[in-house]
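The structure appears right after this line, and notes come after that.
The values are calculated or read from the model by the stated rules, or taken from the named source; none is laboratory data. These figures come from a predicted structure and were not determined experimentally. Note: accessible area is taken over every heavy atom of the protein model, side chains too, but ligands, DNA and RNA are not part of it. Shrake-Rupley method; radii C 1.70, N 1.55, O 1.52, S 1.80 Å.
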Amino acid sequence: MTTTASRRAGVGAVRVPPADPAPAAPPSPGAEPARPAPVSGPELREFMRNWATGVAVVTSRLAGRPVGCTVNAFTSVSLLPPLLLVSLARTSRTLAAITAEGGFAVNLLDRRQRDLADRFATAAGDRFAGVAHRTVDGLPLLDGAMAVAVAVCTVTQLIGVADHTLVLGSPYRCQAADDADPAVFFGGHYRTVSPA
């Protein structure tokens, strides 16, 4: 588009900038702002491979028999009061046992116990077959778990989140290792901890 003034002066065409677009209508009161679509499950898994975690086996009892599964979604929640949290799939047999029993134990694994981590993560049937363990208050504890680093808990709360359940437990027995050599999982592989 050219202006009359530019034609008279013999000057080349002058571009007139387009008008600013009309401002977007403000969101209606109480409306949620638009959020980006979440990443996919595989994308989140790839991201979490960059987070180093310890490895533990959570155990309980179902119909009088020991059950358990490997977890790395485990953390302390508070010290006052002392609370631990473990995240389990809603379809987990171990979750069903914990819900029925009202208690669970956390067995922290030593790096030499990778076979136990794999067994309790993947084995079908009786994962305890041939596995040395003892019973405390009816709950199975793995022998030699990181030189006997274990916590025995009473369930205080179950919180359903998506396809998992967060299990909050109040530990009433804790035994820590003096010289631990923990199993560490990072990048889809077991790693060894070395001093800085």
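What residues have an amide H closer than 5 Å to that of VAL184, excluding those fewer than 5 places away on the same chain, when H is modeled at 1.01 Å from N in the peptide plane?
The answer is ARG191.
Calculate one ³J(HN,Hα) per residue across region 74-86 by plugging θ = phi - 60° into the Karplus curve 6.51 cos²θ - 1.76 cosθ + 1.60, and present them in order as whole Hz with x for glycine and proline.
Whole-Hz 3J(HN,Hα) from phi for region 74-86: 9, 7, 7, 9, 7, 9, 10, x, x, 9, 10, 9, 10.
Once the piece of chain linking ASP179 and THR135 is laid out straight, how much longer is it, given 0.36 nm per residue of separation minus the C-alpha distance between them?
Values: separation 44, 0.36 × 44 = 15.84 nm, distance 2.37 nm.
Residue separation times 0.36 nm, minus the Cα-Cα distance, leaves 13.5 nm.
Of the accessible area of region 60-141, with the probe set at 1.4 angstrom, what percent is carbon plus sulfur? Each step should come with its number before you reach the end.
Details: 2300 of 4160 Å².
The computed percentage sits at 55.
With a 1.4 Å probe and all protein chains left in place, how much accessible area per residue does region 97-195 have, in Å²? Don't skip to the end; give the middle numbers.
On the way: 5090 Å² over 99 residues.
I get 51 Å² per residue for this part.
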